[in-house]
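The values are calculated or read from the model by the stated rules, or taken from the named source; none is laboratory data. Please read all numbers here as calculations on a predicted model, not as lab measurements. Neighbour counts run over all protein chains shown; Cβ positions are idealised from the backbone, glycine included.
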Amino acid sequence: MDDLERRVERMLADRDQEMDPELIRELMALPPDHPGLDRIIAKLTAAGGSQPASPPLNIDDFYPPGEDRYTLRWPLAPSTLALLPAPFAALDRKTQFYVLFQEWTSAELEATMARSAGDLERARALFGECLARAAQLGVPELKARSHENLASISEMAGDRQAARAEYQSAMAERGLR
């Protein structure tokens, strides 16, 4: 566990403490391959909703082989751009998938932080973006997680019917319906 992860734990342990803007900036600037990013996201997710955190994902488990390249539909984070060896359009399909998967992870982190800060409208918009990103990648597990996160926002807003619909969508993405 690195210092950043310990700081997140301390912040989450003290429910009376407001979100530290400097910590949020540091988290948002993390490169997509930061070793503790999945654990940090899981901790923030667990703190933001009534559902347990989902386990970290292994990108290799979700790559769908194919020939068609991906289209860049959202701007890449500066930390991602700094790591790319070439423009996105020049990358091979698998590398494009990995980049977009990591961008989904970063968007989920930003949405989770907004939810933890009580900014439900921003969190809802960002989790909606996560759902669209997951649909572009064609990864049912990312779509399911996005639906679960949207459900948690609906729960926090007191809309049980919308939460139920999102949970049902998550189950359908996992083939459990």
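Tabulated data for the structure shown
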quantity: Unique residue being at pLDDT 95 or above and within 24 Å of His34 (Cβ to Cβ) when the list is Leu81, Leu142; calculated: Leu142
quantity: Filtered residues of the range 77-97 (kept if part of a helix (DSSP H, G or I) and under 16 Å from Leu30 (Cβ atoms)); calculated: Pro78, Ser79, Thr80, Leu81, Ala82, Leu83
quantity: Failed item, numbered, when Thr105 is tested on (1) of a type in the set (Ser, Thr, Tyr); (2) at pLDDT 95 or above; (3) surrounded by 16 or more Cβ atoms within 10 Å (Cβ to Cβ); calculated: (2)
quantity: Any hit, the range 151-159, residues being loosely packed, with under 15 Cβ neighbours inside 10 Å and modelled with pLDDT of 95 or more; calculated: no
